[in-house]
């Protein structure tokens, strides 16, 4: 079972516990080690689930103290971006992502929180593993960008990125189907671009992170429209 699925397992397992004895609002969660043992997973997998829960406002952390259960959050409205109408619509979408995700990556680098940076790197490795196995790696690509949004510490960034996941999946598939370049060559380029983003965030270099992310997405436009 992939670590992405294991992260979902922990996320769903903790979600089911919220509101039960010991997991009511304000209760302190067990340590990462205890949760890893409880769900039979590694600590990085537990961190991945906790980052997602914090982004959703269902868990909050106290520095030096641990993680706590939040009050039940209000339902989040869905942003109605809708489907693409034509190819220019796809270009506009990718240009929108350049601006949005460039700033997201910069903010992630500015905060440079160890557990969230580790989650970004973990998702990069999962993407590379999926590519090496000959898989589509689309969900792993989405997870990498999602981890960066979570690392920004701004829930509005994270929520906006989550709202365009369907469009992002479509755009990735479209690039692969319409680009004139061989898939292996394109994936090599994407691997280098992903690693540059990851390295800049890990180094806490906001300018390089923003440039690397914008370059990655601009290259996606070129791969689609210029072959």
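The values are calculated or read from the model by the stated rules, or taken from the named source; none is laboratory data. All of these numbers come straight from a predicted model, not from anything done at the bench. All Cβ positions, glycine included, derive from the backbone under ideal geometry; neighbour counts span all protein chains shown.
Before moving on, here are some points about what is shown:
- Elements of type helices (runs of 4 or more DSSP H) in the stretch 88-204, at least 2 residues being within 23 Å of residue 226 (Cβ to Cβ) and modelled with pLDDT of 90 or more: 138-151, 183-203
- Set 198, 141: member being surrounded by 15 or more Cβ atoms within 10 Å (Cβ to Cβ) and in contact (Cβ under 8 Å) with a residue 60 or more places away in the chain: 198
- Test: residue in the stretch 50-66 that is closer than 17 Å to residue 161 by Cα, in a helix (DSSP H, G or I) and at pLDDT 85 or above: no
- Yes/no for residue 209 being in a helix (DSSP H, G or I), touching a residue at least 24 places away in the same chain (Cβ under 8 Å) and surrounded by 16 or more Cβ atoms within 10 Å (Cβ to Cβ): yes
- Set 113, 135, 107: member being more than 21 Å from residue 208 (Cα to Cα) and either touching a helix residue (DSSP H, G or I) at 6+ places or on another chain (Cβ under 8 Å) or surrounded by fewer than 16 Cβ atoms within 10 Å (Cβ to Cβ) (or both): 135
- Restricting 64, 102, 134, 82 to residues that are outside the structural domain of residue 195 (by TED's automatic domain parsing) and over 30 Å from residue 22 (Cβ atoms) narrows the list to 82.
- Condition check for residue 173 on (1) in contact (Cβ under 8 Å) with a residue 60 or more places away in the chain; (2) within 19 Å of the chain's Cα centre (by Cα); (3) within 23 Å of residue 133 (Cα to Cα): one failure, at (1).
- Residue 215 meets all of the listed conditions (1) in contact with a helix residue (DSSP H, G or I) (Cβ under 8 Å, 6 or more places away or on another chain); (2) free of Cβ contacts under 8 Å to residues at least 24 places away in the same chain; (3) surrounded by fewer than 15 Cβ atoms within 10 Å (Cβ to Cβ) but one, namely (3).
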